[in-house]
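All remarks here apply to the structure that follows.
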Amino acid sequence: MFDVLLQMAGLILCGVAWRIIRPGGLEPVATRKVLTSLVYYLLLPALVISVLWKTDLGTGSVIIAAAAAFGILTGVLLSFVSCRLCHNKAAETGAIVLAIAFPNATYMGLPVLEATFGPWARSIAIQYDLFACTPLLFTLGILLAMRFGSGTESRANIYKGLLRIPPLWAALVAILLNVFKVPQIESLSGLLSLLERGVVPLMLFSLGLSLEWSRDRWRLLPSLIPVVVFRLLLIPALVLLLLNGLHVGGDVRTAIVMEAAMPSMVLGIVISDRYNLDTSLYAAAVTVTTALSLVTLPLWHTWAGS
């Protein structure tokens, strides 16, 4: 497990180094946007179709989605209590809620699970994200961002935005192909396999491009304590208790708990910017939780697997 995370950390650090050195004069923000757009609109949908087309969808999928939703809703509740006790400003509260509630289920969760358990675990990461995290993010998450920040979007527009997410459409196509037992064409399967190979390295490299730290962010560290405790420790512990109650065991339980223990999602930076939340606080949360997750994830691999 440590060797796996060390290799992933190397790819993330390549992204960090690229942001600092800027080879060819390329701006890190523009570079990240190109790479994430390529993954988001082409490579990730190909991976989703490839994996879910062959996945055994059933009770296990319901349990994965339920565990993900439970972790997110628990995170929202915990963050409300924390922000009320700490008397955070509205913009800070919105950033903290998003940072605690929503994990980096795909951009870090997928490569971690695949490298740790093998290709079969990609299905858990994809279902965890697309069956719960993404729908809740673009509905509940956006409503919370509007509540604590600013925004005049109607709920109809929010739901329309949900329908413009390529991986969700890819998931729907894959589920239909799966349910109707459509056989995979060898040439199409080969194309999907070729496309999906770029997802993991580009995800990790893009994650590194997103991580940054400046001197003025040291003052934010006290505000990040609840984020670290809840996102990396308490929420996965509660998800583990839920799975034990549902009699889920083995590597499936460990993989789901590790998804719940992922650091704060990178996409929250964009949402914080869009709805005038405390973007600096949120970006600091992503950086700190990502760094600390390299320590906590091996612990959860051991604890959940015992």
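Quick notes on this structure:
- Residues Ile235, Ile126 arranged by fewest to most Cβ contacts within 10 Å: Ile235, Ile126
- Over the chain, relative contact order from alpha-carbon pairs under 8 Å, at least 6 apart, %: 33
- For the stretch 136-272, a crude dipole built from +1 on the beta carbon of Lys and Arg and -1 on the beta carbon of Asp and Glu, taken about the Cα centre, is about 360 debye to the nearest 20.
- Placing +1 on each Lys and Arg Cβ and -1 on each Asp and Glu Cβ, with no other charges, gives the chain a dipole about its Cα centre of roughly 540 debye.
- Between Val229 and Leu163, full extension at 0.36 nm per residue minus the direct alpha carbon distance yields a gain of 20.4 nm.
- Bridging of Lys54 to lysines at a Cα separation below 21 Å is possible for Lys181, once same-chain residues fewer than 8 apart are set aside.
- Our helix-only sum for the chain, with -39,500 (n - 2.57) per DSSP H run of n ≥ 4 divided by its residues, gives a mean residue ellipticity at 222 nm of -22000 deg cm²/dmol.
- Neighbour counting of Cβ atoms within 10 Å sorts the residues Asp216, Asp273, fewest neighbours leading, into Asp216, Asp273.
- Spread over its residues, the convex hull of the C-alpha atoms of the stretch 155-291 is 180 Å³ per residue.
- Residue ranges 9-19, 199-209, 242-252 sort as 199-209, 9-19, 242-252 when ordered by packing (mean number of other C-beta atoms within 10 Å per residue, highest first).
- Residue exposure proxy: Trp218, Trp169, ordered by other Cβ atoms within 10 angstrom of their Cβ from fewest to most, comes out as Trp218, Trp169.
- Summing charges over all other residues whose Cβ lies under 14 Å from the Cβ of Ile64, with Lys and Arg as +1 and Asp and Glu as -1, gives -2.
A short reminder: the numbers here are calculations on the coordinates, not readings from a lab. Treat the numbers as computed from the prediction; the structure is a model and nothing was measured. Using ideal geometry, Cβ is built from the backbone for each residue, glycine included, and neighbour counts are taken over all protein chains shown.
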